[in-house]
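Inspection log for the structure reproduced underneath, given as structure tokens.
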Amino acid sequence: MQLLEDRIQREGTVKTADVLKVDAFLNHQCDVALFDAMGEAWAEHFAGKRIDKILTIEASGIGIACCAARHFGNVPVVFAKKAQSINLDGDQYSTTVYSFTKQREFPVIVSKKYLNAGEHVLLIDDFLANGKALHGLIDLCEAAGAVIEGIGIAVEKGFQKGGDELRAEGYDVDSLAIVESMDPQTGRIEFRH
Ligand SMILES: O=P(O)(O)OC[C@H]1O[C@H](OP(=O)(O)OP(=O)(O)O)[C@H](O)[C@@H]1O
Ligand SMILES: O=c1[nH]c(=O)c2nc[nH]c2[nH]1
């Protein structure tokens, strides 16, 4: 998606060999018009598929998923929580996920009320790196008996293994920008096309 690639080139910074900082528009300050255009692009890619619900994970996937839902007939958005809470009652599906930016394991929890057998689910997230977050969401869907129709990602780092693994597993992964390589010394970012 040219709009997203241009934005990454203009405002993204390569912090280290594997950390791209795009917090000016994606995962700290949020550009809602950009999120809306991303939702439109996923709706085009997944057109014709039955999507009953969008599932994402705290924290950075939530805003993107909510904007995307507007392009999928306002389907509900469910986000997996990364901590127990007194608000999480009743039966739950849960797994654990290693967080890329926080560098530790988190529980990943969804109430059984909000993920049901036979529901057709689109998974959305801001980043795809090693695929830990996505595999956590897939585990939750499998436990619930939900059907995964596809995966929409804003930024995939193609030099990390998550995206290629998920495609090899047979998932339809639509990443709007795939960073093929990036260099913290020069700041150069190259995309896969
Ligand atoms: O493919 P992976 O290696 O799992 O990396 C991608 C995940 O990393 C980030 O989550 P993180 O927990 O780091 O941050 P967040 O709380 O801002 O979402 C991002 O939001 C993705 O969910
Ligand atoms: O802001 C971020 N930059 C990254 O490179 C990344 N990888 C996973 N999650 C990420 N979040």
Given the structure, is residue 58 surrounded by fewer than 18 Cβ atoms within 10 Å (Cβ to Cβ), under 20 Å from residue 34 (Cα atoms) and within 16 Å of ligand 2 (Cβ to nearest atom)? yes
Counting only residues that are of a type in the set (Val, Ile, Thr) and open to solvent by 10 Å² or more (accessible area, probe 1.4 Å), how many does the stretch 128-162 have? 2
Scanning the stretch 36-55 for residues that are open to solvent by 10 Å² or more (accessible area, probe 1.4 Å) and over 28 Å from residue 102 (Cα atoms) gives 37, 40, 41, 43, 44, 45, 47, 48, 49, 50, 51, 52
Can you spot a residue in the stretch 131-141 that is in contact with a helix residue (DSSP H, G or I) (Cβ under 6 Å, 6 or more places away or on another chain) and in a strand (DSSP E or B)? no
Give all pairs with beta carbons closer than 6 Å in which a residue from the stretch 137-161 that is β-branched (Val, Ile, Thr) meets a residue that is assigned to a strand (DSSP E or B) and surrounded by 17 or more Cβ atoms within 10 Å (Cβ to Cβ); count only pairs at least 6 apart in sequence or on separate chains. 148/121; 151/123; 151/173; 153/125; 153/128; 153/175; 155/127; 155/177
Within the stretch 162-178, the residues that are touching a residue at least 60 places away in the same chain (Cβ under 8 Å) and either touching a Pro at 6+ places or on another chain (Cβ under 6 Å) or farther than 17 Å from residue 64 by Cβ (or both) are 172
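The values are calculated or read from the model by the stated rules, or taken from the named source; none is laboratory data. Remember, it's a predicted structure, so these values are computed and weren't measured experimentally. All Cβ positions, even for glycine, are placed from backbone atoms using ideal geometry, and neighbour counts span all protein chains on display. Accessible surface areas use protein heavy atoms only, side chains included; no ligands, DNA or RNA. Shrake-Rupley method; radii C 1.70, N 1.55, O 1.52, S 1.80 Å.
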